[in-house]
Amino acid sequence: MKRPVAFQLLQSFRSSEIQLFHVFLESPAFNRRQEMPLLLDYWRQNKAEPPDAQAIFKAACPGQPFRKQDYYLLLSRFHKLAEQFLAWQAFQQNEQAQYTHLLQALHQRQQRTLFKRSLKKARSLKKPQDNHAADSLHFAYHLEREQYDFVDSHDRSKPTNLQQATDLLDAYYFAEKLRQACLAHARSVINQETYKIGMIPAIEAEIKKRPSLLEHPAVLLYHACYQAVVVTGAQRSFQLLRQYIRVYKKGFPRQEIRDLYLLAINYCIRALNFGDTAFAQEALQLYKESLKEGYLLEDGYLPESTFSNMVSLALKLEYYEWVEAFIGNHSDKLKPAFRESLPWYTSAKLAYELGDTDRVLQLCAKIEARQPFLYLGTKTLQLKVLCEQEEWDAVDSLLESMRVYLQRHKDVGYHREHYLLLLQFTRRLLGLIPGDLSKIFELAAEVETTKNFREKPWMLRQISKKVKR
């Protein structure tokens, strides 16, 4: 029998949340149905067992005859209460939301004195060290709006706070739109997704006219990010972004700082792919810094792309001992599905850089790679070793398997162009006749000038071997 949706949701609850949920169900303020706590008790005692509809219903509604419609209604009500509990819990943890709704309620009841007192307390929530996020600007706007609606608008003889309200709304809106533009650009580059983020030119023009908007760290930081990552790509813009992250990161939610670190890292990697090798050190430093402070973990796990990218950057910088230590110290932080295959793959990359080609092939043979980045990365390592060993029949077979894989898998994003170029150039390398200098130099020149091909140095070394023969 399929596990009820409500029970699936309970699987995500921590033990402390289960206890609090029981208190929630026992409270007449939230629930008046006696069967609901009994149903939770049954789940706690039998959650590891396959669900049995009649046993579940009997435990929650003892003495009542089992009917399917009553059973489904029981589960539906229980599921709704579980969702209400999660919403209630989130509301309890969000003081800003509580004050927003409290002020609205006091307004409706015309409690002017209590309104002013609560408004003062709400303003005190905005501490200097944690009010940088756009959400804090939104909250501040709500406070100004509530003040105007209930207090200022009733005294026609005095200036109002409408200017403060509209300035805060602008700042919030501009910061959020710039943030979305940065994230959309990153996804368009990595995943080839298309987004249309409106109003950005108008926002840019408005910021030029009103530089005071940049006094809000959220606007300042996301404007710098947009300038660096989306518009110019200039190093000066990037350095400003780097500086602002360092100065203001404590005042933003961890998820936002994580996104900003990744946007800055993506800038470095793109610069690196275009031949600016100085950014390898910068990218690795950003990774180290954000990993040390816990920003890169997702649900407690280190993303496989982060793990792999850090190893690749460190290998480019020839930090071989660091790579070996990193693989040993951080493999247990990977998701279970990657805890064997990814350390083997990154160890194979290290072995290749150290010239241990036998170990490269041994490790690659152990990898069962279902994910495109792991499959294609493993095949690339094998391809390089087999080319260097002049195992041309094996190379030809490997190229064909990679071609078929790329034809069947269209979801490799911007990496697809690189791998297609690798196949094309390797095929032409196989066709070169040693000593045919015109063809050799023609291929070398094409490789040298081709963008988005990450194996240029290796390919040029293989081509040069044709000259020496």
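When N94 is evaluated against the numbered criteria (1) buried (at least 17 other Cβ atoms within 10 Å of the Cβ); (2) modelled with pLDDT under 90, which criterion, by number, is the only one it fails?
(1)
Yes/no per residue for (1) at pLDDT below 95; (2) within 13 Å of V5 (Cα to Cα); (3) open to solvent by 30 Å² or more (accessible area, probe 1.4 Å); (4) over 42 Å from the mean Cα position of the chain (by Cα):
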site: R44; (1), (2), (3), (4): yes, no, yes, no
site: A48; (1), (2), (3), (4): yes, no, yes, no
site: D52; (1), (2), (3), (4): yes, no, yes, no
site: I56; (1), (2), (3), (4): yes, no, no, no
site: A59; (1), (2), (3), (4): yes, no, yes, yes
site: Q64; (1), (2), (3), (4): yes, no, yes, yes
site: Y72; (1), (2), (3), (4): yes, yes, yes, no
site: Q84; (1), (2), (3), (4): no, no, yes, no
site: Q89; (1), (2), (3), (4): yes, no, no, no
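Taking the residues in region 340-363 that are of a type in the set (D, E, K, R) and closer than 13 Å to L374 by Cβ as candidates, determine which candidate is most open to solvent (accessible area, probe 1.4 Å).
Filtering region 340-363 for residues that are of a type in the set (D, E, K, R) and closer than 13 Å to L374 by Cβ, the one most open to solvent (accessible area, probe 1.4 Å) comes out as E340.
List, please: which pairs have Cβ atoms under 8 Å, are six or more places apart or on different chains, and start with a residue in region 284-304 that is touching a residue at least 24 places away in the same chain (Cβ under 8 Å) and end with one that is part of a helix (DSSP H, G or I) and surrounded by fewer than 16 Cβ atoms within 10 Å (Cβ to Cβ)?
The qualifying pairs are G294/R254; Y295/R254.
Can you tell me which residue in region 413-445 is nearest to the chain's Cα centre (by Cα), limited to those that are part of a loop (DSSP other than H, G, I, E, B) and more than 20 Å from Y375 (Cα to Cα)?
That would be L432.
Report every pair of residues separated by at least 6 positions or lying on different chains whose Cβ atoms are under 8 Å apart, first residue within region 434-445 and closer than 18 Å to L423 by Cα, second part of a helix (DSSP H, G or I) and of a type in the set (A, V, I, L, M, F, W, C).
I440/I463; I440/V467; L443/F425; L443/L429; L443/I463; A444/L460; A444/I463
Looking only at region 10-41, filter to residues that are part of a helix (DSSP H, G or I), of a type outside the set (D, E) and open to solvent by 40 Å² or more (accessible area, probe 1.4 Å); which one of those is farthest from L86 (Cα to Cα)?
Looking at residues that are part of a helix (DSSP H, G or I), of a type outside the set (D, E) and open to solvent by 40 Å² or more (accessible area, probe 1.4 Å), I get L38.
Given the conditions (1) surrounded by 15 or more Cβ atoms within 10 Å (Cβ to Cβ); (2) at pLDDT below 90; (3) small (G, A, S), and given that G300 satisfies all but one, which numbered condition is not satisfied?
Against the list (1) surrounded by 15 or more Cβ atoms within 10 Å (Cβ to Cβ); (2) at pLDDT below 90; (3) small (G, A, S), G300 comes up short only on (1).
Any idea which of I433, I440 is open to solvent by less than 40 Å² (accessible area, probe 1.4 Å) and over 29 Å from N191 (Cα atoms)?
So the residue among I433, I440 that is open to solvent by less than 40 Å² (accessible area, probe 1.4 Å) and over 29 Å from N191 (Cα atoms) is I440.
When the residues of region 364-409 are filtered to those that are of a type in the set (V, I, T) and within 17 Å of F307 (Cβ to Cβ), which remaining residue is surrounded by the fewest Cβ atoms within 10 Å (Cβ to Cβ)?
I367
Take the conditions crowded, with 16+ Cβ neighbours inside 10 Å, closer than 30 Å to A186 by Cβ, at pLDDT below 90 and not basic (K, R) and apply them to V447. Does it pass?
no
Considering region 250-266 alone, what residues qualify as being in a helix (DSSP H, G or I) and open to solvent by less than 20 Å² (accessible area, probe 1.4 Å)?
G251, E256, I257, L260, Y261, L263, A264, I265
Look at region 267-283 and say how many of its residues are surrounded by fewer than 18 Cβ atoms within 10 Å (Cβ to Cβ) and at pLDDT 90 or above.
Of the residues in that region, 1 qualify.
Does V219 qualify as being closer than 30 Å to L168 by Cβ, modelled with pLDDT under 90 and surrounded by 15 or more Cβ atoms within 10 Å (Cβ to Cβ)?
Spelling it out, it is not the case that V219 is closer than 30 Å to L168 by Cβ, modelled with pLDDT under 90 and surrounded by 15 or more Cβ atoms within 10 Å (Cβ to Cβ).
The values are calculated or read from the model by the stated rules, or taken from the named source; none is laboratory data. Just so we're clear, the structure is a prediction, and the values are computed from it rather than from any experiment. FYI the Cβ positions are ideal-geometry reconstructions off the backbone, even for glycines, and counts take in every protein chain you see. Keep in mind that these areas ignore ligands, DNA and RNA; they rest on the heavy atoms of the full protein, side chains included. Shrake-Rupley method; radii C 1.70, N 1.55, O 1.52, S 1.80 Å.
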